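**Student:** Can you read through this structure? Questions will come right after.
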Amino acid sequence: MKSKFIVFLLCIGAFVFGAPLTLIDNGTPKAVIVLENNPTCAAQLGAYELNHHLKMISGTELQVVNGDYKGSLAQIIIKGADVKPSAETIVKCEGNKIYLTGFDSTARRKVDYINRKGWPNMDYDIYSPLLAVYDFLEDECGVRFYGVTDKDTCFVPRKTLTVEVKNRTNVPPCDAFREVWPSINVDKNASRRDLFLWRFRWRMMSHYGRS
């Protein structure tokens, strides 16, 4: 009876947590980021943000693939999910595939990571895949966003990055989030781009109003 209970607990653990996946091994990419052929703005910005922070951690970026990936590397799939219109985020692992998803109402236009062209609209869009990327960076990669610029972002530098994904859905308790106007001079060294990224990373957008 005791052995059956242990097996039961192991099965639960295997369901909740994916097997450890190595994304970067001593500076060598062991995973790819997968987007749709015509990805949404949120998914594109999510891929940029994920790669930006992976490079900060390890000095290495992952290849971004559009469409179906047929290779043997682990996959980080960023796209909208067929779920009800809400700001809930979904992070899950199935085999060697990590899904960063959720409802996505953003357009399908080209995103410019440097000049903010094509970024999601903070007041009207719902872009849960981007928020799922931040959940993944914080919970699986150990990234902490303590301030506006990259110098305020904390992490443990390492050449090898292995993650163990906990399958989860996060539902915000309300439809409006605290807002900080980007015109506020919170950091004299920060650009407007820095301020807008900070608002995304701190989930300071408002979907249906300001609170």
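The values are calculated or read from the model by the stated rules, or taken from the named source; none is laboratory data. None of these values were measured; they are calculated from a predicted model. Neighbour counts run over all protein chains shown; Cβ positions are idealised from the backbone, glycine included. Note: areas computed on protein heavy atoms with side chains; ligands, DNA, RNA excluded. Shrake-Rupley method; radii C 1.70, N 1.55, O 1.52, S 1.80 Å.
**Student:** Taking amide H positions as placed in the peptide plane 1.01 Å from N, state which residues far from GLN75 in sequence (5 or more) or on other chains have amide H under 5 Å from it.
**Tutor:** VAL32, LYS97, ILE98
**Student:** Right, next: With the alpha-carbon atoms as the only input, what is the per residue convex hull volume for the stretch 21-168 in Å³?
**Tutor:** 111 Å³
**Student:** Please work out whether the stretch 11-95 counts as rounded, prolate or oblate from its C-alpha gyration tensor, where a ≥ b ≥ c are the square roots of the eigenvalues and a/c under 1.5 means rounded, while otherwise a/b larger than b/c means prolate and anything else oblate?
**Tutor:** oblate
**Student:** List, in order, the whole-Hz ³J(HN,Hα) value for each residue of the stretch 27-33 obtained from phi through the Karplus relation with A = 6.51, B = -1.76, C = 1.60 and θ = phi - 60°; use x for Gly and Pro.
**Tutor:** x, 9, x, 10, 8, 10, 9
**Student:** If you rank VAL64, VAL133 by how much accessible surface each has, with a 1.4 Å probe, what is the order from largest down? Don't skip to the answer; put the middle values down first.
**Tutor:** Values: VAL64 60, VAL133 0 Å².
Final ranking, largest accessible area leading: VAL64, VAL133.
**Student:** Now for a separate question. If R₀ is 30 angstrom, what is the calculated FRET efficiency for the pair PHE155 and ASN121, using the beta carbon separation as r and rounding to 0.05?
**Tutor:** Once rounded, the FRET efficiency stands at 0.55.
**Student:** Whenever you get a sec, compute what percent of the accessible area on the stretch 47-110 sits on carbon and sulfur atoms (1.4 Å probe).
**Tutor:** 46 percent
**Student:** With a Förster radius of 30 Å, plug the Cβ-Cβ distance of ASN96 and LYS188 into 1/(1 + (r/R0)^6) and report the FRET value to the nearest 0.05.
**Tutor:** Given R0 = 30 Å and the Cβ-Cβ separation, E is 0.10.
**Student:** Using 16 Å as the cut-off for backbone N distance, which residues of the stretch 100-131 belong to the label zone defined by a point 7 Å from the Cα of TYR69 along Cα→Cβ?
**Tutor:** 100-101
**Student:** Taking 8 Å as the Cα distance limit and 6 or more residues as the minimum spacing, I'd like the relative contact order of the stretch 45-166 as a percentage.
**Tutor:** Relative contact order for the stretch 45-166 comes out at 27 percent.
**Student:** Continuing with the same structure: ³J(HN,Hα) across the stretch 73-90 via Karplus (A = 6.51, B = -1.76, C = 1.60, θ = phi - 60°), whole Hz, x for Gly/Pro?
**Tutor:** 6, 4, 10, 10, 9, 10, 6, x, 10, 7, 10, 4, x, 7, 9, 5, 10, 10
**Student:** Could you work out the local net charge near VAL143, counting Lys and Arg as +1, Asp and Glu as -1, over the other residues with Cβ closer than 13 Å to its Cβ?
**Tutor:** Once positives and negatives cancel, what remains is -3.
**Student:** Further question: Between THR162 and TYR146, what length in nm is gained on full extension when 0.36 nm per residue of separation is reduced by their alpha carbon distance?
**Tutor:** Extra length from THR162 to TYR146 when fully extended: 3.5 nm.
**Student:** So how far apart, in nm, are the two label points at GLU138 and TRP202 if each is 7 Å from Cα heading toward Cβ?
**Tutor:** Taking the simple label geometry, GLU138 and TRP202 are separated by 1.3 nm.
**Student:** Here is a follow-up. Using θ = phi - 60° and the Karplus curve 6.51 cos²θ - 1.76 cosθ + 1.60, what whole-Hz ³J(HN,Hα) does each residue of the stretch 97-110 get, with Gly and Pro shown as x?
**Tutor:** Calculated HN-Hα couplings, in order: 10, 10, 9, 10, 9, x, 5, 9, 9, 6, 6, 10, 10, 5 Hz.
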